[in-house]
1. What tally of residues in the stretch 102-159 results from selecting those that are hydroxyl-bearing (Ser, Thr, Tyr) and assigned to a strand (DSSP E or B)?
2. Would you check which residues across the stretch 50-79 are in a loop (DSSP other than H, G, I, E, B) and surrounded by fewer than 10 Cβ atoms within 10 Å (Cβ to Cβ) and list them?
3. Considering only residues of the stretch 257-300 that are among the aliphatic types (A, V, I, L, M) and modelled with pLDDT under 95, which is nearest to the chain's Cα centre (by Cα)?
4. Before we move on, is residue 93 under 24 Å from residue 331 (Cβ atoms) and among the charged types (D, E, K, R)?
5. Would it be correct to say that residue 374 is among the β-branched types (Val, Ile, Thr) and assigned to a loop (DSSP other than H, G, I, E, B)?
6. Against the condition of a type in the set (A, V, I, L, M, F, W, C), assigned to a strand (DSSP E or B) and either outside the structural domain of residue 55 (by TED's automatic domain parsing) or at pLDDT 95 or above (or both), how does residue 382 come out, does it pass?
7. Hey, could you check the stretch 1-41 for residues that are touching a Gly at 6+ places or on another chain (Cβ under 8 Å) and in a strand (DSSP E or B) and say which is surrounded by the most Cβ atoms within 10 Å (Cβ to Cβ)?
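The values are calculated or read from the model by the stated rules, or taken from the named source; none is laboratory data. Computed from a prediction, not measured in an experiment: that's the story for all the values here. No Cβ is skipped: glycine too gets one built from the backbone with ideal geometry, and neighbour counts run over all protein chains shown.
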Amino acid sequence: MGQQFDIAVIGSGPGGYSAALRAAQLGKSVALIEHDSTLGGTCLNRGCIPSKALITAARTMDTIHEASEVGINATINSVDFGAMNAYKTRIVETMTSGLAGLLAHRGVMVFQGEAQISNAREHTVTVTPHRSDQPGASVRRFNRSGVGDDLGPSFEIEAADIILAIGSQPQPLPQHDFSGALIDSTQALSLGRVPASAVIIGAGAVAVEFASMWKTSGCDVTLLIRKDRVLSTWDRRAGATLTRELKRRGINVVTHANVTSVDVGVNLGATVHYTREDQTADFTAFGEVALAAIGRYPATGAPWVSDSGIELTDAGFVTTDGYGRTNIPGIWAVGDITEGESLANRAFEQGIVVAESIAGLDPRPVNDDTVPKVVFCTPEAASVGCTAEQARARGDLTDIEETVFPMMSNARMLMSRSSGSLAIVSGEILASAGSSDNSNGPENRDDSQDAPDQSESSSPKEPDNANGPDSSADAQGTKVVLGVHIVAPDASDLIAEAEQLVGNRVPLSEAARLIHPHPTFSETIGEALLKADGRPLHTR
């Protein structure tokens, strides 16, 4: 027993569901297979959405804590962590049920079960129950949202194209797997209350967000980082500013720390042993829990992935070109299993590019220079495009300049009682920016795969510039904005404007003439652009 579709998508995270929705919009029949009981992948269920819901609650506490500084006497009598978790769950359920309804409305058929490619050449996907060890376990098919039927212990799907969107998993410490009080981010989000004390190992977005959120909620936080600042791969000034702010807010940030082992036991908490650069002594940090947040690895370890002949890198990433094609014709990959930033917004756009490529359109590949990154700590950090160091190392850019704006000259920054930083990187483009398409695909790919087959499209062909105008050629020889790096209370919103400037290669002189509302945080970008253009007003 089986069923045929134009496209089978394995995984329903942002990369998978965006591909499914766009493909259905373009007239393709689509099967979306997910092993979880709810759709949305890590992002909606165990990552972006639940963590930001808790961060929103923590910021309410932060506002009350600081109310006396503006003349308001307010105190927090108690915190109902059960109600806070219920709020988080309600937000997640609203998002996942909304996604299920949208997929059903678009005609995407959802299957619940564990999928694997059983025949790569014929594009056959076999679906089995996620918990096949349970009596009566069955693959389920949903023709409508929430209305499913049982298909038995196995079901085969045949598709002209298969899209892999199987995501990633938290990376354990080299010295110790997750166990006892040593937890990963998924377990941290499932805690019934904020721990009294915690040791967080890592310097990336997850580590910094939990450190900020837990500290605001009353936790005694020690953050162990390997280098001299958090977000060490970001703009140096942004990382240094955020590290200073975390310390100012009471987080014990231990720099140049190298974790050697972790002692855990039932109800005994976690003792983390570490050394420090240029010091011979051994150090320890104790916490009710220890959160290891050192990154994620692609979920490509299942035997069927390699058995299918899909080419992987040494780190386990699926090798693709800029359009998501793998080395096997008709099999595509998006999201965390591809090399690059593990970001939901990047996977979302990858899914659209793949769907449009399959449908015979001519999308431009995802350009990582235009993918914004955000850390939802207090204050927020956001970044898009090149750092000055990265820009100077590239052969297609010249006349690189970094403009730093003093954030405390902005009225809203003063009102926020927070410090921050803003750096704009500008320069001239020597070669077409369109060449930065992240085409990391197999060199021996069949040339026939380089141009999508338009004959299979059941929809009219959209314009070649469906993703917007390509101003790269026009920008050559003109100073443009190459990168923006912000630490500020509303950095997550400010970065959207910056992404438009970087992505559309807006000439610096034109960008500097854009008018920003007053008084707002966004004025910092306007003032910084004026300074970068040699016309500073409120700063030297």
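1. Taking the stretch 102-159 as the starting set, the residues that turn out to be hydroxyl-bearing (Ser, Thr, Tyr) are 118, 124, 126, 128, 132, 138, 145, 154.
So of that shortlist, the ones also assigned to a strand (DSSP E or B) come out as 118, 124, 126, 128.
Count: 4.
2. Residues of the stretch 50-79 that are in a loop (DSSP other than H, G, I, E, B), as a first pass: 66, 71-79.
Answer for the stretch 50-79, where residues must be in a loop (DSSP other than H, G, I, E, B) and surrounded by fewer than 10 Cβ atoms within 10 Å (Cβ to Cβ): 71, 73, 75, 77, 78.
3. Here is the first cut: in the stretch 257-300, the ones among the aliphatic types (A, V, I, L, M) are 257, 259, 262, 264, 266, 268, 270, 272, 281, 285, 289-294, 299.
Then drop every residue that is not modelled with pLDDT under 95, which leaves 264, 266, 268, 281.
Numbers: 264: 30, 266: 33, 268: 33, 281: 37 Å.
Ranking the candidates gives 264 first.
4. Working: under 24 Å from residue 331 (Cβ atoms): no; among the charged types (D, E, K, R): yes.
Considered against the rule, which asks whether it is under 24 Å from residue 331 (Cβ atoms) and among the charged types (D, E, K, R), residue 93 comes out as no.
5. Details: among the β-branched types (Val, Ile, Thr): yes; assigned to a loop (DSSP other than H, G, I, E, B): no.
Judged against the criteria, residue 374 is not a match.
6. On the way: of a type in the set (A, V, I, L, M, F, W, C): yes; assigned to a strand (DSSP E or B): yes; either outside the structural domain of residue 55 (by TED's automatic domain parsing) or at pLDDT 95 or above (or both): yes.
For residue 382, the condition - of a type in the set (A, V, I, L, M, F, W, C), assigned to a strand (DSSP E or B) and either outside the structural domain of residue 55 (by TED's automatic domain parsing) or at pLDDT 95 or above (or both) - is met.
7. 9
Here is a yes/no grid of residues against (1) in contact (Cβ under 8 Å) with a residue 12 or more places away in the chain; (2) farther than 26 Å from residue 312 by Cβ; (3) in contact with a helix residue (DSSP H, G or I) (Cβ under 6 Å, 6 or more places away or on another chain); (4) in the same structural domain as residue 8 (by TED's automatic domain parsing):
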residue	(1), (2), (3), (4)
141	yes, yes, no, yes
148	yes, yes, no, yes
151	yes, yes, no, yes
159	yes, no, no, yes
163	yes, no, yes, yes
186	yes, no, yes, no
